[in-house]
Amino acid sequence: MIKKTKGLNIKKLDVKKLVTYGVGAVGAAAAGVYGAKIAARKAAHMVQNHAMHVLMTDIYDENLYELFSSTKRIGIQQAMETNLRATEGKGISRPMGSPKSFPSVSSLMFSISQLYVMPTPLEEEIEMQVIIGKKAKRPLEIDMPIMIAPMGYGIALSKKAKVSLAKGAALAGTAASSGEGPVLKEAKEAAGKYIYQYHRGNWGKTESDLTHCDAIEIQFGQGAIAGVGHVFKAKYIDNELREAYGLPKGVNVVAHSRQPEVQEPSQLPELVEKLKRISGGVPIGAKIGAGKYLEADLDILCNSGVDFITVDGAEAACKGSPPILQDDFGVPTVFAVNRAAEWLDKNNFKDKVSLIASGKIRTPGDMLKMIALGADACAIGAMALLAMSHTQVLKVLPYEPPTQLVWHHAKGERKLHIEVAAECLKKFLNACKEEIREGVKALGKTQLGEVDKEDLLALDELVAKGCGIPMVYEPFEYEKED
């Protein structure tokens, strides 16, 4: 039987004619495409010529190029934020810290050991463990000089993000912090080493919070928001978050400018002693933003009995704070850490009080430079979130920014896979640890604690002078052996 399709007898098809018709159709289509391409190019050429003619002939104050010229002078960031202020009519809150370019550890370079100083043998093991609060009854021991910075649940991060950070830190053998928000049970249980931030707020700080942690950090300020307080309006707090805060319905979450128990410096020793007693002897520390009075702040803290101090440089970030506090307040991290380390050494606190550096510390090189300047460890925030999110940011891009994957009540918070995120963070931290180890070997050292300012050179005159480090062009003076 001969099959027919729409009345066409397949058996009687003239193949020669079919090929001819087909070639003709393809040729016509190709000609059509070519013609369309020529027409499109002609139209584009006309539009371009017209646009360029207008730009090249309009007087300047009527010329569209003036937008580029004035925006370049003002700055894209400033132009954008001016429009936001004009829209809102109130102070704006910028996420993720200042875009301003501060002097930084990027201007520092390490020396190289080859002959005058021999490099460390390949087989040599480098000790990377760090002890925070050496004089505390129960010191905090971590496997690397990297910790997860305080980032609060609800006030910033989602539940999934907090659990992922805690779990990733535990897998890598380091510590995670509660942050300023309420204690999240799931994150606390996932963390191997847990630092409780003794915030300035009207919630939490229960005996259970203080007895189930590995260190306590008293919050006095931070680089991105200084010592300014803030209010989280009750109408924005959902039932789950309100339960975590432990506050009744209708009550605002208030973070005061001052620690409620420290209205003046003389009250600090009493608070430190109280926390040591209740916690059973875990390290008690303090977090401060670095400013002009850094050395005076350190004096008050160290003589109040703290075991560690976290110094937050001006580059530090947070969920959101006024641009004026991010751009125009504080001391850049490179100078803040150097000043703090020098003061601790000069005043015989170096071996008693641990120093933690914080504020735009991004790479293993940055981390090792902070150690060289005198820090015992570094706290990272933005880079931990970036590493944790890894390819999962593709779930929110390109329609939403990457942070929508990790913020509380953000559009993409449910899309974050905890186990995958924790594994990515673990790998990032371990990779940083491995690179730091290689850096220590390249300096001819066998222990992390042996790295110091003698290993550094500066590319920038300001950083060189500010940190007492020689410029890369200065010849090395040495005594030649007979």
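The values are calculated or read from the model by the stated rules, or taken from the named source; none is laboratory data. Quantities reported herein were computed from a predicted structural model and do not represent experimental measurements. Note that we place each Cβ from the backbone using ideal geometry, even for glycine, and neighbour counts take in every protein chain shown.
Just a yes or no: is a residue in region 306-315 part of a helix (DSSP H, G or I), over 17 Å from Tyr153 (Cβ atoms) and among the polar types (S, T, N, Q)?
There is no residue in region 306-315 that is part of a helix (DSSP H, G or I), over 17 Å from Tyr153 (Cβ atoms) and among the polar types (S, T, N, Q).
Pick out the one residue from Ala387, Ala357, Ala410 that is closer than 20 Å to Gly439 by Cα and within 21 Å of the chain's Cα centre (by Cα). Can you show your working first?
Details: Ala387 fails: closer than 20 Å to Gly439 by Cα; Ala410 fails: closer than 20 Å to Gly439 by Cα.
The unique qualifying residue is Ala357.
List the pairs whose first member sits in region 102-116 and is more than 20 Å from Cys467 (Cβ to Cβ), whose second member is part of a loop (DSSP other than H, G, I, E, B) and of a type outside the set (Val, Ile, Thr), and whose Cβ atoms are under 6 Å apart, counting only residues at least 6 apart or on separate chains?
If the second residue must be part of a loop (DSSP other than H, G, I, E, B) and of a type outside the set (Val, Ile, Thr), the pairs left are Ser113/Pro119; Ser113/Leu443; Ser113/Gly444.
Inspect region 310-319 for any residue being under 19 Å from Leu268 (Cα atoms) and not aromatic (Phe, Trp, Tyr) and give the result as yes or no. Let's see the steps before the verdict.
As a first pass, look at region 310-319 and keep what is under 19 Å from Leu268 (Cα atoms): 310-311.
Applying the additional criterion that residues be not aromatic (Phe, Trp, Tyr) yields 310-311.
Yes, the conditions are met somewhere in region 310-319.
So, in region 161-192, exactly how many residues are basic (Lys, Arg) and either buried (at least 23 other Cβ atoms within 10 Å of the Cβ) or within 18 Å of the chain's Cα centre (by Cα) (or both)?
We begin by selecting, within region 161-192, every residue basic (Lys, Arg); these are 162, 167, 185, 188.
From the residues that got through so far, the ones that are either buried (at least 23 other Cβ atoms within 10 Å of the Cβ) or within 18 Å of the chain's Cα centre (by Cα) (or both) too are 162, 167.
Going through region 161-192 one residue at a time, the tally reaches 2.
Out of the residues in region 95-125 meeting the condition of being in contact with a strand residue (DSSP E or B) (Cβ under 7 Å, 6 or more places away or on another chain) and not small (Gly, Ala, Ser), tell me which one is surrounded by the most Cβ atoms within 10 Å (Cβ to Cβ). I'd like the intermediate steps shown before the answer.
In the first step, residues of region 95-125 are kept if they are in contact with a strand residue (DSSP E or B) (Cβ under 7 Å, 6 or more places away or on another chain); the result is 107-111.
Filter once more, keeping what is not small (Gly, Ala, Ser): 108-110.
Values: Leu108: 26, Met109: 16, Phe110: 16.
Step by step, filter region 95-125, then rank; the result is Leu108.
Residues in region 192-210: is at least one in the same structural domain as Gln326 (by TED's automatic domain parsing), farther than 26 Å from Gly313 by Cβ, touching a Ser or Thr at 6+ places or on another chain (Cβ under 6 Å) and not acidic (Asp, Glu)?
Let us first name the residues in region 192-210 that are in the same structural domain as Gln326 (by TED's automatic domain parsing), namely 192-210.
From what's left, farther than 26 Å from Gly313 by Cβ: 192, 202-210.
Subsequent filtering for residues that are touching a Ser or Thr at 6+ places or on another chain (Cβ under 6 Å) retains 210.
Among the residues that remain, those that are also not acidic (Asp, Glu) are: 210.
Checking region 192-210: at least one residue is in the same structural domain as Gln326 (by TED's automatic domain parsing), farther than 26 Å from Gly313 by Cβ, touching a Ser or Thr at 6+ places or on another chain (Cβ under 6 Å) and not acidic (Asp, Glu).
Give the number of residues within region 49-88 that are surrounded by 10 or more Cβ atoms within 10 Å (Cβ to Cβ) and not in a helix (DSSP H, G or I).
Counting residues in region 49-88 that are surrounded by 10 or more Cβ atoms within 10 Å (Cβ to Cβ) and not in a helix (DSSP H, G or I) gives 4.
Quick one: which helices (runs of 4 or more DSSP H) sit completely within region 122-235 and have at least 1 residues that are of a type in the set (Asp, Glu)? I'd like the intermediate steps shown before the answer.
Values: elements: 159-172, 185-190, 207-211.
Filter on region 122-235 gives 185-190, 207-211.
In region 419-454, which residues are under 21 Å from Lys395 (Cα atoms), surrounded by fewer than 20 Cβ atoms within 10 Å (Cβ to Cβ) and of a type in the set (A, V, I, L, M)?
Result: Val420, single match.
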